[in-house]
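The next block holds one structure in the form of structure tokens; read it before the comments.
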Amino acid sequence: MKILQAAALATAFSAASVFAGANNVGCGLGSMVWEGQSGIIPQIFAVTTNGTFGNQTFGITLGTLGCDKNGVVGLPVPHKMVQFTSDNLDKLAHDMATGAGETLDALASLMEIAESDKAAFFSATKTNFSKIFAHENTTTEEVLVSLNNVLASDSALKRYSYS
């Protein structure tokens with residue numbers, strides 16, 4: 001009976017850990033087999049393979065199957081914020097570079113930045129634009145992590161960070 005409980009617990013942790021990766025399915029054999037494919041079906045196959053066979057846990061432990069032994073679990077960023085940032089990355093880059101704009105204002109609202117703090121938020125994104133968008137091909141995850149770091153280091157905006 002204890003073996004079944006341990007197996008169930010391992011499966012639950014393995015399945016839950018897929019949400020820690022930069023993509024929807026995490027690392028593991030399934031991620032390698034369906035790498036580069038998009039859509040619901042390849043994601044379902046990848047996450048099922050990663051979780052069912054426990055190879056994600058194995059990969060993380062040994063640093064194989066595309067997993068990193070020293071990886072960091074992603075920020076607890078709400079899905080709406082990730083989706084919005086992903087859908088509007090170019091517009092956000094423009095707005096952050098200028099420190100104003102409709103898209104940046106919408107992001108501030110999603111982040112629940114108080115109206116009284118929006119000016120400081122806009123200024124911080126402009127001042128730290130080169131940190132937030134560190135290179136031409138900056139990803140959504142990199143933007144959100146960098147933005148979080150900027151907020152965490154700002155005494156007035158620290159309360160909006162996830163750290």
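So here's what we get for this one:
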quantity	calculated
Exclusive hit being loosely packed, with under 13 Cβ neighbours inside 10 Å, farther than 26 Å from residue 26 by Cα, out of contact with any helix residue (DSSP H, G or I) (no Cβ under 8 Å at 6 or more places or on another chain) and not assigned by TED's automatic domain parsing to the domain that holds residue 58, set 109, 123	109
When residues of the stretch 47-91 are limited to those that are of a type in the set (Lys, Arg) and modelled with pLDDT of 70 or more, the one surrounded by the most Cβ atoms within 10 Å (Cβ to Cβ)	91
Test for residue 30: is it small (Gly, Ala, Ser), at pLDDT 70 or above and part of a helix (DSSP H, G or I)	yes
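The values are calculated or read from the model by the stated rules, or taken from the named source; none is laboratory data. Nothing here was measured: the structure is a model prediction, and the numbers come from that model. Neighbour counts run over all protein chains shown; Cβ positions are idealised from the backbone, glycine included.
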